[in-house]
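Worksheet for the structure shown next.
Every number in this text was worked out from the coordinates using simple rules, so none of it is lab data. This is a predicted model, so every value here is computed, not measured. Glycine also receives a Cβ, built like all others from the backbone with ideal geometry; neighbour counts cover every protein chain displayed.
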Amino acid sequence: MKHLVPYLQDDQKAADYLRQLCWPDGVTCPRCGSDAVEPCEQCNNGLQRLNCVHCAARWGQQFAMFTDWTSAIFEESKLRPLEWLLVIGLWQLKLNATEIAAAADMIHTALRKSGLWRNTSHTLCAVLTKTVENSQAFVPKSHVGLCSEG
């Protein structure tokens with residue numbers, strides 16, 4: 001997980017790292033596979049908006065937009081890139097859902113004490129608690145809601 005630390009600073013850095021994982025050979029259009037893509041503005045969560053030149057021409061439009069998460073496992077997720085990267089890092093440590101929630105709670109507490117925690121629309125702790133509660137894995141009732149906002 002140490003290799004992820006530089007990318008756990010903000011959504012932009014996390015999104016850049018996840019983009020490299022998803023597109024190791026460069027971004028290609030998820031619809032047609034063309035590498036003729038142009039970067040456009042970035043989303044407020046760090047994701048890159050891209051335009052496929054080939055699809056736009058084929059459809060007779062100026063733009064055929066997608067993000068670097070289109071057709072990826074993250075596409076429908078409400079988690080921000082930073083939150084996903086933290087979960088991926090904790091999964092690499094072979095933690096189960098309950099242990100991930102507990103680890104997120106410790107990270108959350110340490111960040112709050114250090115003054116580095118930023119108030120975002122979704123705190124990692126709240127999101128990971130919801131993930132644990134909704135997971136397919138067995139979670140004893142005594143472990144649900146391990147994270148607290150305190």
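Assorted remarks:
- Dipole of segment 2-67, positive end: most advanced residue of C40, V27, Y7 [Cβ charges, Cα centre]: V27
- Computed from the C-beta positions of Q61 and C22, the FRET efficiency with R₀ = 30 Å rounds to 0.75.
- The Q92 and E38 beta-carbon pair, evaluated with R₀ = 35 Å, returns a calculated FRET efficiency of approximately 0.60.
- nm² value of the averaged projected area, convex hull over the Cα atoms of segment 2-67: 4.7
- Segment H3-M106, extension gain: residue separation times 0.36 nm, minus the distance between their alpha carbons: 35.2 nm
- Only the Cβ atoms of Lys and Arg (+1) and of Asp and Glu (-1) were treated as charged; on that basis the dipole of segment 2-67 about its Cα centre amounts to roughly 140 debye.
- Of the GluC sites (Glu not before Pro) in segment 43-104, those whose Cβ has at most 12 other Cβ within 10 Å and which sit in DSSP loop: E75, E76
- Order of W69, W84 - criterion: other Cβ atoms within 10 Å of each residue's Cβ, fewest first: W84, W69
- FRET efficiency for the K78 to R49 pair, using the beta carbon distance and R₀ = 25 Å, is estimated at 0.85.
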